[in-house]
Amino acid sequence: MADLLRGGQFLVRETKCEDVFTPEDFTEEQKMMKEAVMEFNDREIMPHKARFEAKDYALTQEVMGKAGELGFLGVSVPEAYGGLGMGFVSTMLTCDYISSGTGSFSTAFGAHTGIGTMPITLYGTEAQKQKYVPKLATGEWFGSYCLTEPGAGSDANSGKTTATLSEDGTHYKLNGQKMWISNAGFCNLMIVFARIEDDKNITGFIVEYDKDNNNGIILGEEEHKLGIRASSTRQVFYNDTIVPIENMLSARGNGFKIAMNALNIGRIKLAAACLDSQRRITSIAINYANERKQFKTSISEFGAIKMKLAEMATNAYVGESASYRAAKNIEDRIALREAEGNTHQEAELKGVEEYAIECSILKVAVSEDVQACADEGIQIFGGMGFSEETPMESAWRDARIARIYEGTNEINRLLSVGMLVKKAMKGHVDLLNPAMAVGEELLGIPSFDTPDYSELFAEEKEMVAKLKKVFLMVAGSAIQKFGPELEQHQQLLTAASNILIETYMAESAILRTEKNAKRFGKDSQKEQIAMTQLYLYNAVDIIIKNAKEGIVSFAEGDEQRMMLMGLKRFTKYANQPNVIGLRNMIAEKLKAENKYCF
């Protein structure tokens, strides 16, 4: 733990497989929690899928209450405030396995346990935590998070809701409008962001809500949405809503920081919430493909279907690998800060903030993979996939929101690179020296030695190291050319972020599979090795496209030619993998097991 990488350092420092956490490392306690959560999902959520799709908001509230009774709403809450006090990995695990039954419950659960509760546990005073967190941890009360406004979405700090201090200085009066508020219809507490006078930054407030004494709070009608249909989503209007001064959350003007840090937690937990959905969708698709016969043959025998199943399973495996890698890094960073004397509150705040880059990477990658998974699931079902009688169409609709909330994927792409550059400027990640080294390498003569690739993943790990050079080459040259104006070049930043994302995801899969091959034997990991190689192959193609797009957008003449030659050098395989063979191997395993089995 003493040599724990800081956020973003994966790009410039090698990670050994022994130093990553994988799902195969779950403790006995975590395995028991996983089983309990899966059982809850299968008992309380899956059998009532039709009711959720019919917009049964009362059912969502009822199941949330049952989750609270079993302690699932308080997994990450310290025991002093009525929670289970479990670590960040257990928090992720719970969110993962409780979220696949329906996006409606997943959204309510995520909003309550994350952005609805965490701002108080992380920023609240002792009195605020004692008063509110136990009720939230047990499900006696439900929380919501009121940030978005008609004119303030991605630009969260531009909200117009006002907070005016009373003449006697005892309370604030809130006036304004919020929209897209999850859990609004049944919440008892709102985390509300408002601006005091002409402050540059917004301020957070804890606002109690009682339907019988609404205190100037008026709820709009339930929004009718594409997916997550039984997730309560309403507008909230504040008309001289009285908030005692002791309910200010943290310091005046600190609301924007609270909002951003709460979203960091929300982003990585959203990635977790998409994982079991991929496993479940893949299993349902495999089962159907094995049973469905055309031309007197199960469609799972057809190469076109095998390709889809293999890619679906591969993305699920890789997303899981990367999510738990980052979760354990956060957990270890929290423990390290506590050992250095930080309070748990300070340690958790800084621990999550440290890996904000990885949180954004995961949010983008896994949310897009679950959408692709559901889309291919519909395609495997054919015409039946388009019917409400089968589970695929609701899975597709529910998946769509994941690319929008907790910051759109476009915003998170820009953030991932922007935060990395800021870390470099602070000296937390050394990008300059590695980028200069890549520049010198481009001017040098490449080695023509024949490398030894006899060890498992020897070439794949070398390829990942070269993909990191691609990012440093493109991003380093762009920073040098545009300086502070780089943030204005959003298409270039998006291309750079795609390189960053694919590199992190591919490396995570390699490290997980290598670790497991060493301890369980290579023969037990044949399909996992195939999935890892398949993902890397796909990642290289994505990186080539994005790097080329970036290079030709800002480099000209000799510089452009040199960088394009460098791109070709850094993405060249010595031994090109047999992609169709890899997919077939993965698909045959899935067919035989008749489910996602990794």
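Heavy-atom accessible area for His112, with the other protein chains in place and a 1.4 Å probe, reaches approximately 0 Å².
Each of the trypsin sites (Lys or Arg not before Pro) that DSSP puts in a loop and that has at most 11 other Cβ atoms within 10 Å breaks the chain; the longest unbroken stretch is 297-598. Using R0 = 25 Å, the C-beta based FRET efficiency linking Ala80 and Met260 works out to 0.45. Counted residue by residue at 0.36 nm each, then reduced by the alpha carbon distance between them, the extension gain from Met32 to Ala54 reaches 4.7 nm.
Calculated translational diffusion coefficient of the chain (25 °C, 0.890 mPa s; Stokes-Einstein with Kirkwood radius over alpha-carbon pairs) equals 98 µm²/s. Of all lysines in the structure, those lying under 19 Å Cα to Cα from Lys522, and not within fewer than 8 positions of it along the same chain, are Lys16, Lys461, Lys589. Legend: residues Asp369, Asp212, Asp96, Asp240, sorted from most to least accessible area (1.4 Å probe; ligands, DNA and RNA excluded), read Asp212, Asp240, Asp369, Asp96. Evaluated with a Cβ-only charge set (Lys, Arg +1; Asp, Glu -1), the chain carries a dipole of roughly 1040 debye about its Cα centre, given to the nearest 20.
What residue among Gln491, Ile378, Ala465 has its Cα farthest toward the positive end of the dipole of region 372-510, where the charges are +1 on Lys, Arg and -1 on Asp, Glu, each on the Cβ? After comparing all options, I get Gln491.
Note on Lys49: lysines with a C-alpha under 17 Å away, same-chain residues under 8 apart excluded, are Lys66, Lys225.
With all protein chains kept in place, the per residue accessible area of the chain amounts to 42 square angstrom at a probe of 1.4 angstrom.
Extension gain, Arg252-Asn578: 0.36 nm per intervening residue step, less the Cα-Cα distance, totals 111.5 nm. Rounded to the nearest 10 square angstrom, Met562 shows an accessible area of 60 square angstrom against a 1.4 Å probe. Ranked from largest to smallest solvent-accessible area, with a 1.4 Å probe on the protein heavy atoms, Glu441, Glu246 come out as Glu246, Glu441. Obtain the nm distance between the two label points defined at Glu167 and Met562 by a simple spin-label model: each point lies 7 Å from its Cα along the Cα-to-C-beta direction. The answer from the label model is 7.2 nm. Calculate the translational D of region 392-459 in whole µm² s⁻¹ from Stokes-Einstein, where the hydrodynamic radius comes from the Kirkwood formula applied to all Cα pairs, the temperature is 20 °C and the viscosity 1.002 mPa s. In µm²/s, the coefficient is 128. For region 236-267, the residues whose amide N sits under 17 Å from a probe point set 7 Å from the Cα of Asp199 along the beta carbon direction are 241-262.
Each principal axis of the Cα atoms in region 488-580 has its own extent, and those three values, largest first, are 50, 29, 22 angstrom. Solvent-accessible surface (1.4 Å probe) assigned to Ile284 amounts to roughly 50 Å².
Against the criterion of solvent-accessible heavy-atom surface with a 1.4 angstrom probe, Asp430, Asp452 sort, most first, into Asp452, Asp430. To put it simply, the accessible area of the chain at a 1.4 Å probe is 52 percent carbon and sulfur.
Candidate membrane-span-like segments in the chain, meaning DSSP H helices with Cα atoms spread over at least 30 Å of their own axis and a Kyte-Doolittle mean of -0.5 or above, are 255-291, 303-339, 356-381, 458-482, 490-520, 526-554, with no membrane implied. Subtracting the Cα-Cα distance of Asn342 and Gln379 from 0.36 nm times their residue separation leaves 8.2 nm of extension gain.
With 22 Å as the limit on Cα-Cα distance, the pairs of Lys545/Lys572; Lys34/Lys591; Lys257/Lys422; Lys545/Lys568 that go past it are Lys34/Lys591. Spacing of the modelled spin labels on Asp212 and Ser154, each 7 Å from Cα toward Cβ, amounts to 4.5 nm.
The values are calculated or read from the model by the stated rules, or taken from the named source; none is laboratory data. Bear in mind that the values here come from a model prediction, so they are computed numbers and not experimental data. A quick note on method: Cβ atoms are made from the backbone with ideal geometry, for glycine too, and the neighbour counts reach across all protein chains shown. Accessible surface is based on the protein model in full, side chains and every heavy atom, while ligands, DNA and RNA are left aside. Shrake-Rupley method; radii C 1.70, N 1.55, O 1.52, S 1.80 Å.
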